[in-house]
1. Select, from 75, 162, the only residue that is away from the ligand (no atom under 16 Å from the Cβ) and in contact (Cβ under 8 Å) with a residue 40 or more places away in the chain.
2. If a residue counts only when it is modelled with pLDDT of 95 or more, within 16 Å of the ligand (Cβ to nearest atom) and not hydrophobic (A, V, I, L, M, F, W, C), which strands (runs of 3 or more DSSP E) contained entirely in the range 170-282 have at least 3 such residues?
3. Can residue 287 be described as closer than 30 Å to residue 362 by Cα and not β-branched (Val, Ile, Thr)?
4. Quick test for you: out of 123, 81, 72, 110, pick the one residue that is β-branched (Val, Ile, Thr) and under 22 Å from the mean Cα position of the chain (by Cα).
5. If you go through the range 102-119 one residue at a time, do you hit one that is in a helix (DSSP H, G or I), in contact (Cβ under 8 Å) with a residue 12 or more places away in the chain and over 18 Å from residue 214 (Cα atoms)?
6. Are any residues in the range 314-333 away from the ligand (no atom under 12 Å from the Cβ) and surrounded by fewer than 20 Cβ atoms within 10 Å (Cβ to Cβ), and if so, which ones?
7. Just checking, how many residues over the range 152-163 are modelled with pLDDT under 85 and charged (D, E, K, R)?
8. When you scan the range 122-144, do you find a residue that is modelled with pLDDT of 95 or more, within 16 Å of the ligand (Cβ to nearest atom) and outside the structural domain of residue 246 (by TED's automatic domain parsing), even just one?
Amino acid sequence: MLAVELETLGAKGAHATDGGVAFEGKLDLAYTINLWSRLASRVLWQVGVGRYRDQQNIYDAALRLHWPQWFVVTNTLRVNVTAIRSPLTSLDFITLKIKDAVCDRFRTAVGERPSVDTAAPDVRIHAFLTADTCTFYLDTSGEALFKRGYRRDALEAPLRENLAAGLLQLAGWNAALPLVDPFCGSGTILIEAAMMACDMAPGFNRVFGFRRLSWFDAEAWGTAREDAARRAETGRASAALRLYGSDVSPPAITAARANVAALGLDPYIELRLADALTATAPAAEGLIITNPPYGVRLGADEDLPALYAAFADTLKRNFSGWRAFVLCGEMALMKAIRLAPSRKIPLYNGALECRLVEYRLVAGSNRKQSAASEVPVDGKMSKSTTRGQ
Ligand SMILES: C[S@@+](CC[C@H](N)C(=O)[O-])C[C@H]1O[C@@H](n2cnc3c(N)ncnc32)[C@H](O)[C@@H]1O
């Protein structure tokens with residue numbers, strides 16, 4: 001999906017690689033992609049690649065690169081190393097070797113070296129090791145792109161913004177479809193939907209790493225932002241959306257309202273304090289895309305299996321004709337939803353492996369038939385529930 005998105009934004013030859021998508025383009029494509037990609041986590045500019053057998057080879061490869069041509073010595077620096085199948089055991093040590101090589105190159109060129117700042121660096125260097133190759137990148141994004149800059153209030157388990165955008169695209173949502181998120185938390189899924197439908201650039205409210213790189217052209221960047229501002233104005237004027245969010249937690253709804261207001265999206269998203277088990281369909285057809293609580297981060301004291309089972313009953317009772325997509329990080333909990341899934345998509349929310357499970361809610365036809373009370377009676381499903389099973 002990311003490769004397709006990047007091609008749409010003007011990338012050439014986009015194709016999936018280990019942990020990313022590789023593509024080609026002129027450097028100012030970095031403005032467009034950082035500003036407009038809803039799915040990418042970072043946009044890295046490849047500046048060098050070398051074979052290696054040991055740490056010294058990596059130091060030498062990093063020393064050969066023209067770092068002082070790409071950024072000035074007064075910028076602070078951070079080096080990140082990731083590896084797949086590398087024979088080298090200490091990535092921390094490789095990180096230090098690369099940092100030393102960059103600093104040594106600067107010392108030779110300008111007589112000074114940049115300082116390291118791991119918390120808020122001006123410039124980020126990434127190195128990616130395979131079994132015998134080391135590739136170096138300069139990060140054009142800076143902070144990860146899921147940090148859109150609209151979150152006003154950090155709740156406990158918000159979904160990453162680019163994952164929320166991905167869920168919408170996987171589910172095939174478009175602006176003509178009503179969308180309900182009955183466990184909306186800080187509102188990420190609905191906000192991403194509204195931004196997409198209003199043609200608002202996801203990166204409009206943030207700063208990017210490329211502004212520290214030597215090829216940064218403030219005028220070209222200014223033009224890209226002006227274009228984005230115009231598109232958002234037109235998009236918002238013509239958007240007619242049906243987006244509904246609710247959550248049982250008052251702080252969650254307060255946070256969602258603050259986030260929605262920060263983007264001026266109040267006219268497009270209806271938010272309510274309510275229990276998901278009381279949700280009803282606002283139209284005959286539509287999509288539910290939601291991320292109910294799961295034990296990993298939200299505390300295991302609630303009876304989550306009972307909540308999932310009861311939510312399945314609500315879906316079945318009140319949302320026939322709809323499609324529901326439920327994202328969950330615990331397979332045991334998903335089993336409590338006693339409806340037959342039509343699709344299961346593996347995804348990661350950060351490091352946490354999840355599934356996005358689709359249910360087509362057709363009246364009386366998709367209840368799993370594993371209990372006697374669920375066998376259809378007179379052509380209809382029994383009314384008895386599976387709550388607590
Ligand atoms: C994993 S979080 C959702 C995070 C959300 N997608 C976001 O991006 O912020 C689950 C949410 O479900 C809410 N919740 C728990 N039980 C609920 C219930 N019975 N009805 C409605 N919301 C509930 C919690 O308050 C929490 O905000």
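1. 75
2. On the way: elements: 179-181, 243-247, 269-273.
Result: 243-247.
3. Numbers: closer than 30 Å to residue 362 by Cα: yes; not β-branched (Val, Ile, Thr): yes.
Answer is yes for this residue.
4. Working: 123 fails: under 22 Å from the mean Cα position of the chain (by Cα); 72 fails: under 22 Å from the mean Cα position of the chain (by Cα); 110 fails: under 22 Å from the mean Cα position of the chain (by Cα).
Result of the check over 123, 81, 72, 110: 81.
5. The answer is yes, given that some residue of the range 102-119 is in a helix (DSSP H, G or I), in contact (Cβ under 8 Å) with a residue 12 or more places away in the chain and over 18 Å from residue 214 (Cα atoms).
6. The answer is 317, 318, 320, 321, 331, 332.
7. Here is the first cut: in the range 152-163, the residues modelled with pLDDT under 85 are 152-158.
When the remaining residues are screened for being charged (D, E, K, R), the result is 152-153, 156.
Final tally of qualifying residues: 3.
8. Yes, some residue in the range 122-144 is modelled with pLDDT of 95 or more, within 16 Å of the ligand (Cβ to nearest atom) and outside the structural domain of residue 246 (by TED's automatic domain parsing).
The values are calculated or read from the model by the stated rules, or taken from the named source; none is laboratory data. This is a predicted model, so every value here is computed, not measured. All Cβ positions, glycine included, derive from the backbone under ideal geometry; neighbour counts span all protein chains shown.
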